[in-house]
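Engineer: One structure is given below, represented as structure tokens, and several questions about it will come after.
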Amino acid sequence: VAVLLAAVVVAMAVPRIAGPSWRVIAMPNQMRLMEGRPVQWESETMFRTMKAMVTDLPNEALYPPTFGFSTDEYRAIIPIFTASVLATVVGSLYWGSMLADLSWWWGGAVCTVALLGRLGVSRGVAVMAGMLTAVSPLGVAYVGSGNLHAASSLSLPIFATAIWDALFVAHPRPLLVGMRVGILLFAASLTYTYQWVLIPTFALVIAVQSRT
């Protein structure tokens, strides 16, 4: 299933990355070039931080060294770090960003299947849900933009699965459960995933589970 979902994600992403960007047509005044490829203007903050991580230098001469890493990027620092590691491997900030989007997108699809399996949903339905995640507009629309929104958006099922496991799969002392969930919610906030969506969702899940 993981291989199938990877193939679907790549099939959905390749036309967006290899072909002309729809943003060039829809928002030409909001585009810039990164390594000769068009990316959305917002990606400037991402690439600047990535280059600071990779080379310890600011992204452009316009920015002094103190701006190589900004507190504004903490909201998505985990996807940015992922992209920086991949950029180091492939030798390209642009392709490191694209691979980070694909990796988190694929992980979100796989974790959708895993989470539904834990909820008792049939295997076929869980795989169909994973396929829907793999073709999600959250991934298709954002991949290739350079702003890592695909990675951030599709991280939600990854953290939802991890929190479910922390609450219901392992049963250590309540203090450890609380610490694990707190760490996961904090990490979710560093991927631009809105942890305020996860908190009431799992509060409801816990309430339902306690009555069954």
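Engineer: Can you pull out the residues in segment 90-106 that are closer than 15 Å to residue 51 by Cβ and surrounded by fewer than 20 Cβ atoms within 10 Å (Cβ to Cβ)?
Structural biologist: Within segment 90-106, the first condition is being closer than 15 Å to residue 51 by Cβ, and the residues that meet it are 90-97, 100.
Residues satisfying the conditions are 90, 91, 92, 95.
Engineer: Looking only at residues that are over 29 Å from residue 73 (Cα atoms) and of a type in the set (D, E, K, R) in segment 123-177, which one is surrounded by the fewest Cβ atoms within 10 Å (Cβ to Cβ)?
Structural biologist: The extreme case among them is 173.
Engineer: Let me ask you something else. Would you mention how many residues in segment 55-106 are modelled with pLDDT of 75 or more and either of a type in the set (Lys, Arg) or assigned to a helix (DSSP H, G or I) (or both)? Reasoning before the result, please.
Structural biologist: To start, the set of residues in segment 55-106 that are modelled with pLDDT of 75 or more comprises 74-106.
Then drop every residue that is not either of a type in the set (Lys, Arg) or assigned to a helix (DSSP H, G or I) (or both), which leaves 74-90, 93-106.
Qualifying residue count for the region: 31.
Engineer: In segment 178-194, how many are open to solvent by less than 40 Å² (accessible area, probe 1.4 Å) and modelled with pLDDT under 85?
Structural biologist: 1
The values are calculated or read from the model by the stated rules, or taken from the named source; none is laboratory data. The structure presented is a predicted model; accordingly, all values stated were derived computationally and were not measured. Neighbour counts are summed over all protein chains in view; Cβ atoms, including those assigned to glycine, are modelled from backbone coordinates with ideal geometry. For accessibility, only protein heavy atoms count, side chains too; no ligands or nucleic acids. Shrake-Rupley method; radii C 1.70, N 1.55, O 1.52, S 1.80 Å.
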